[in-house]
Amino acid sequence: VLLGARVIWSHRAEPRIAIGATRQRGRPCGAYSTPRQIAQSLIQDVLEGLDQPSLSMLDLSVEAGQFPITALAGVPQSKRVRFFGIDRDPIALRLTRKLFRFALQQRGNEQFRLCLTCRDSLFDQLPSGWPTTFDAIVGNPPWAAQQKTYTERVRSLYRPWLSDNFDLYLAFMLRADSLLRPGGVLGMVVPSPFLFNDSGREVRKLLLEKYDVLCLRVYPRRSFVEVPCIIPVSFVL
């Protein structure tokens, strides 16, 4: 399934798939689908860090629903879960709802609830009725921003933790930190340069001062087909 794809039919030729210009990935667009094995590992690591009968979980960039669907498959049916997802893309949210409904039919877990909202998770307030803090925040946040004006807005909002040349996922870590309850668990998938690059120094320092490292996994190069040169990592704090 491709977001933004449509089939063009012609009586003179074979049908072909066209992708809208705003969704073409000829250059970095900042968001990539998370491979199943990485999502499964991250969800399992997060669940091992939380021993409680009910959970509230949040994904700040839900895309096509990889993490709520993976959580649905991995959470024991005896555990009550409310999974909250945010994305600016209404098409991604529509696809998430469809895929989740299908997965729920297969899984049949009445204790698992999914709540979605279309907004900017870095700037917008959470919907009324949602928790103000969460037991776990998980996901694969956008790694880079396309628009310079958006990058400048993010930098001004999250100073002094973001340098002049920062990666967008750092802002998602800061936003997640503000929404996690004391004793909660933070799990994210990011590119490995986060572990050592200079632009992430202040965010690393903040996280290491406030959190314990529960798990760090390194995945093979080419795990993400869109960025074959990058080695992804996942961490749970």
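Descriptive notes on the structure:
- Within the range 180-209, the set of residues being farther than 17 Å from Tyr169 by Cα and either open to solvent by 100 Å² or more (accessible area, probe 1.4 Å) or among the aromatic types (Phe, Trp, Tyr) (or both) comprises Pro182, Glu209.
- Complete set of residues in the range 120-149 that are open to solvent by 40 Å² or more (accessible area, probe 1.4 Å) and among the hydroxyl-bearing types (Ser, Thr, Tyr): Ser128, Thr132, Thr133, Thr149
- In the set (1) open to solvent by 20 Å² or more (accessible area, probe 1.4 Å); (2) at pLDDT below 95; (3) over 21 Å from Gln40 (Cα atoms), the condition left unmet by Leu104 is number (3).
- Asp212 at pLDDT 95 or above, part of a loop (DSSP other than H, G, I, E, B), farther than 19 Å from Thr70 by Cβ and open to solvent by 20 Å² or more (accessible area, probe 1.4 Å): yes
So that you can scan it fast, the table gives a plain yes or no per residue for (1) assigned to a helix (DSSP H, G or I); (2) out of contact with any His (no Cβ under 9 Å at 6 or more places or on another chain); (3) aliphatic (A, V, I, L, M); (4) without any contact (Cβ under 8 Å) to a residue 60 or more places away in the chain:
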residue: Ile43; (1), (2), (3), (4): yes, yes, yes, no
residue: Thr70; (1), (2), (3), (4): yes, yes, no, yes
residue: Ala73; (1), (2), (3), (4): yes, yes, yes, yes
residue: Ser78; (1), (2), (3), (4): no, yes, no, yes
residue: Phe102; (1), (2), (3), (4): yes, yes, no, yes
residue: Gln106; (1), (2), (3), (4): yes, yes, no, yes
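- Hey, Asp177 of a type outside the set (S, T, N, Q), open to solvent by 20 Å² or more (accessible area, probe 1.4 Å) and in a loop (DSSP other than H, G, I, E, B) or not: no
- Lone qualifier among Ser156, Ser223, Ser163 - being under 19 Å from Gly139 (Cα atoms), of a type in the set (Ser, Thr, Tyr) and either in a helix (DSSP H, G or I) or open to solvent by less than 50 Å² (accessible area, probe 1.4 Å) (or both): Ser223
The values are calculated or read from the model by the stated rules, or taken from the named source; none is laboratory data. Bear in mind that the values here come from a model prediction, so they are computed numbers and not experimental data. Virtual Cβ from ideal backbone geometry, glycine too; neighbours counted across all protein chains shown. Note: accessible area is taken over every heavy atom of the protein model, side chains too, but ligands, DNA and RNA are not part of it. Shrake-Rupley method; radii C 1.70, N 1.55, O 1.52, S 1.80 Å.
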